[in-house]
Amino acid sequence: MPFSESFFARKFGVTERDLNRYLAEAMSAGGDYADIYFEYLSTTTISVDESIVKSATQGTTLGAGIRVIAGERTGYAYSDDLSPEKILKAARVAACIAKGPATVDTIGFTENPTRDLYPVLTAPTESSLAERVALVKRADAAARAADSRVFLVQAMYADNLRHVLVATTEGGLTFDRQPLARMGVSAYVRNGEGRPQNAYSGGGGRVGLEFFETVKTPEYFAGEAVRQALVQLEAVDAPAGETTVVLGPGWPGILLHEAVGHGLEADFNRKGVSAFSNRVGQQVASPLCTVVDDGCISNRRGSLNVDDEGNQTQRNVLIENGVLRGYLHDRLSSRLLRATPTGNGRRESYQHIPLPRMTNTFMLAGESDPEEIVKSVNKGLYCAAFGGGQVDITSGNFVFTASETYLIEDGKITRPVRGATLIGNGPESLKHVSMVGRDLQLDQGVGICGKEGQSVPVGVGIPTIKIDRMTVGGTAK
């Protein structure tokens, strides 16, 4: 089918001739490269509080962003009006960053081949609103029925469907249809007049509504939220000091994402501000550690057929047996560092410039039995889930709040603790990994990563691992 007759051409009202005009205008003041990113995004958000649907919103945004790269300089402008006059004006604004004679006349576009990592026949946004409201009500009812100590439940559901078109001065023409859905439940519990506790559980991915009927149901998320909240009722204050820490599989991989993953994004390393700068080929972690970023796992939250620059996502080995192998690149960093793009150019929307970002980042499984890992610890902590945290990219230092944590005593997981924070340095912590389990799990699909004011969906994962030395901030006297 000719491009002019395609779904995406109709969606954005453009022809190849239009794309040539826009890119030629973007390069009219010079530059090395230009691209244009069209986006059509429909969204739905539903929330239930106190068993009442407190809000249900739907919306649509449409726009285009034009970027011009000239050496290390980048010009960017966008418009939410897709009339030719407005897009040409945005192209001229972006062109102001570049100097020199025009470098582009006419481009012969070649449609880039794409995969289908999320074969959702009916995207969530294309289902009825009533079906989605019913899911949230089921989660609320299930949480309230789970235990008499539950006194407040908050449930939410959000989805979106994004259509994108990317055209470049290199002749690339790329399209993608990207569904995304997530639901979550927060449960609040208390014993009599005691201090209330709460916990959250959620998940999703690039999936349709059938995921919440057959894979992870509203009742599952509700049950997990209540279980974790009840655990906190029995928790004792966390001890403080240096100890052995065991990270459970799955969501605890957020520590890897924050403490290590961001430091492996190429823009930080190009500027020399990462703890991993100029260390490719060096031993930066225990030989047991292999860290991968993989943007092409079917239906995962962080996966994409193509990144937001039109490059196919791929599996990138960042650390192999403890040795740093490379960084995550967008088009700008790969041009400046003379590297190959890795499919990690990502942006929040057409209003944002692409940056090197993670997709699904995780540590590969090892050979140890998870039970044997716990048995090997005489005294320490087992961390099953994490809340928020802070990381200094330059030094690699981090502080993370552990939301579900237990004491390990004489090789057994015993009492739950509260108020535990993990304090350490990303590269140093990886050097103290002494056992890696064979039980790799990815998170349930709730990850949101922030960088320079932009948020994008991501995935994390980790097997059970033992870190021999880590500082724990606690509340025990």
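The values are calculated or read from the model by the stated rules, or taken from the named source; none is laboratory data. What you see is a predicted model; the values in this text were computed from it and never measured. Cβ atoms come from the backbone with ideal geometry, glycine included; neighbour counts cover every protein chain shown.
The table for this structure:
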read-out	value
The listed residue being free of Cβ contacts under 8 Å to residues at least 40 places away in the same chain, within 25 Å of G389 (Cα to Cα) and buried (at least 23 other Cβ atoms within 10 Å of the Cβ), out of G248, G295, G345, G261	G345
Output for segment 319-342, where each listed residue is surrounded by 24 or more Cβ atoms within 10 Å (Cβ to Cβ) and under 30 Å from P463 (Cα atoms)	I319, Y327, L328, H329, D330, T342
Number of the condition not met by M435 [criteria: (1) touching a strand residue (DSSP E or B) at 6+ places or on another chain (Cβ under 7 Å); (2) in a strand (DSSP E or B); (3) more than 16 Å from A365 (Cβ to Cβ); (4) not β-branched (V, I, T)]	(3)
In segment 449-475, the residues that are of a type in the set (D, E, K, R) and on the phi > 0 side of the Ramachandran plot	E452
Of residues in segment 65-77 being under 13 Å from D308 (Cβ atoms) and in contact with a helix residue (DSSP H, G or I) (Cβ under 7 Å, 6 or more places away or on another chain), the one surrounded by the fewest Cβ atoms within 10 Å (Cβ to Cβ)	Y76
Among (1) within 14 Å of G445 (Cβ to Cβ); (2) part of a helix (DSSP H, G or I); (3) of a type outside the set (K, R), the one test that L180 misses	(2)
Matching residues, segment 344-363, being more than 15 Å from Q312 (Cα to Cα) and part of a strand (DSSP E or B)	L355, T361, F362, M363
Scope segment 154-172; condition of a type outside the set (G, A, S) and either assigned to a strand (DSSP E or B) or farther than 13 Å from T110 by Cβ (or both); matching residues	Q154, M156, Y157, D159, N160, L161, R162, H163, V164, L165, V166, T168
In segment 240-296, residue farthest from E452 (Cα to Cα) [restricted to those that are outside any helix (DSSP H, G or I) and touching a Pro at 6+ places or on another chain (Cβ under 8 Å)]	P249
Residue satisfying all of: in segment 348-363; of a type outside the set (V, I, T) and more than 17 Å from D443 (Cβ to Cβ); surrounded by the most Cβ atoms within 10 Å (Cβ to Cβ) among these	P356
Contacts under 7 angstrom Cβ, first residue in segment 41-56 being farther than 30 Å from R347 by Cβ, partner polar (S, T, N, Q) and modelled with pLDDT of 95 or more, 6 or more apart	D49/Q154; K54/S47
Restricting segment 185-201 to residues that are buried (at least 22 other Cβ atoms within 10 Å of the Cβ) and touching a Ser or Thr at 6+ places or on another chain (Cβ under 9 Å), the residue that is farthest from G459 (Cα to Cα)	A187
Among residues of segment 216-250, those that are more than 30 Å from I467 (Cα to Cα) and either modelled with pLDDT under 95 or touching a Leu at 6+ places or on another chain (Cβ under 9 Å) (or both), counted	2
Selection within segment 1-28 - closer than 18 Å to A90 by Cα, in contact with a strand residue (DSSP E or B) (Cβ under 8 Å, 6 or more places away or on another chain) and among the hydrophobic types (A, V, I, L, M, F, W, C)	F12, V14, L19, L23, A26, M27
I423 vs. criteria in the same structural domain as G295 (by TED's automatic domain parsing), aliphatic (A, V, I, L, M), closer than 22 Å to G204 by Cβ and in contact (Cβ under 8 Å) with a residue 12 or more places away in the chain	no
Segment 68-85 residues that are in the same structural domain as D32 (by TED's automatic domain parsing) and at positive phi, paired with ones that are among the aliphatic types (A, V, I, L, M) and surrounded by 13 or more Cβ atoms within 10 Å (Cβ to Cβ) (beta carbon under 9 Å, 6 or more apart)	G71/A98; G71/L336
Subset of segment 360-376 [among the polar types (S, T, N, Q) and in contact with a strand residue (DSSP E or B) (Cβ under 6 Å, 6 or more places away or on another chain)]	N360, T361, S368
Residue within segment 205-219 that is outside any helix (DSSP H, G or I), farther than 30 Å from R331 by Cα and touching a Lys or Arg at 6+ places or on another chain (Cβ under 9 Å) present	yes
